[in-house]
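To start, the structure itself, in structure tokens.
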Amino acid sequence: MNILVRNLSREVNEEEVFELFQSFGRIKSLNIVMDASTGKSKGFGFVDMPEDFEAVAAIKALDGKLVQGLRMRVKKAVKQNYSPPQDNPDRVRPERFDARKSNSAIKGKKGRTLSTGHKKTTRKDRP
């Protein structure tokens, strides 16, 4: 079972998380997500435990546990079916809105009905 571990301190490393989970059973893999630019933890990670009953026990015991001053959140990771957008030549893209084009349709002479269906008036025409 893949487990999501959130709300970790930025200073927590994989060894510390490993020590927390190993008492509940075998750990298949463990990964703390790191920020590429700073090299520090992003505050969450994943633990994969092959036995579901061990993973459930770890989730129940460790959810809400204080680790370096923060309450760690532990739950079953939900796999999201995300697929990046792909270019599809058969799909027609809608044209972008261009304010310059729409403004040219609105311009008209005094007293004439515009393409918007409204009559253009000036201050002099108003009561």
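Can you tell me which residue in segment 57-80 is farthest from V12 (Cα to Cα), limited to those that are of a type in the set (V, I, T) and modelled with pLDDT under 95? I'd like the intermediate steps shown before the answer.
Here is the first cut: in segment 57-80, the residues of a type in the set (V, I, T) are 59, 67, 74, 78.
From what's left, modelled with pLDDT under 95: 67, 78.
Working: V67: 8, V78: 23 Å.
Selected residue: V78.
In segment 12-44, which residue that is modelled with pLDDT of 90 or more, part of a loop (DSSP other than H, G, I, E, B) and charged (D, E, K, R) is nearest to V78 (Cα to Cα)?
K28
If I ask for residues that are within 25 Å of the chain's Cα centre (by Cα) and in a helix (DSSP H, G or I), which ones from segment 45-61 would you list?
Residue satisfying the conditions is I59 alone.
The values are calculated or read from the model by the stated rules, or taken from the named source; none is laboratory data. Predicted model only: the values in this text are computed from it and were never measured.
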